[in-house]
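The values are calculated or read from the model by the stated rules, or taken from the named source; none is laboratory data. The model shown is predicted, which means the values in this text are computed figures rather than measured ones. Glycine also receives a Cβ, built like all others from the backbone with ideal geometry; neighbour counts cover every protein chain displayed.
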């Protein structure tokens, strides 16, 4: 699973617009974000089927820990 990279390009009332690296834009409710996004904040978008949400969350956690520790997924095993 690879997160989709995007940037917050506008915030109006309770909606943030994010632009993906491929140019696509999404309008997302602010409560869909962990934390409070600000203008020009880089974000990651995770897409997972409902039944795979727990597995996707674990995979994202593993990815974040590996980034923090500076190790690749193969080194962390």
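Hey, can you tell me all the residues within the stretch 1-25 that are modelled with pLDDT of 90 or more and out of contact with any strand residue (DSSP E or B) (no Cβ under 8 Å at 6 or more places or on another chain)?
The answer is 12, 13, 22, 23, 24.
Taking interchain pairs and intrachain pairs at least six residues apart, which have beta carbon atoms under 9 angstrom, with the first residue in the stretch 52-77 and in a loop (DSSP other than H, G, I, E, B) and the second modelled with pLDDT of 80 or more?
Hits for this filter: 71/65; 72/66.
From the set of residues in the stretch 26-40 that are touching a strand residue (DSSP E or B) at 6+ places or on another chain (Cβ under 8 Å) and closer than 19 Å to residue 60 by Cα, which is surrounded by the most Cβ atoms within 10 Å (Cβ to Cβ)?
If we take residues in the stretch 26-40 being touching a strand residue (DSSP E or B) at 6+ places or on another chain (Cβ under 8 Å) and closer than 19 Å to residue 60 by Cα, then 37 is surrounded by the most Cβ atoms within 10 Å (Cβ to Cβ).
So, residue 63, is that one in contact with a strand residue (DSSP E or B) (Cβ under 8 Å, 6 or more places away or on another chain) and either at pLDDT below 95 or surrounded by 12 or more Cβ atoms within 10 Å (Cβ to Cβ) (or both) or not?
no
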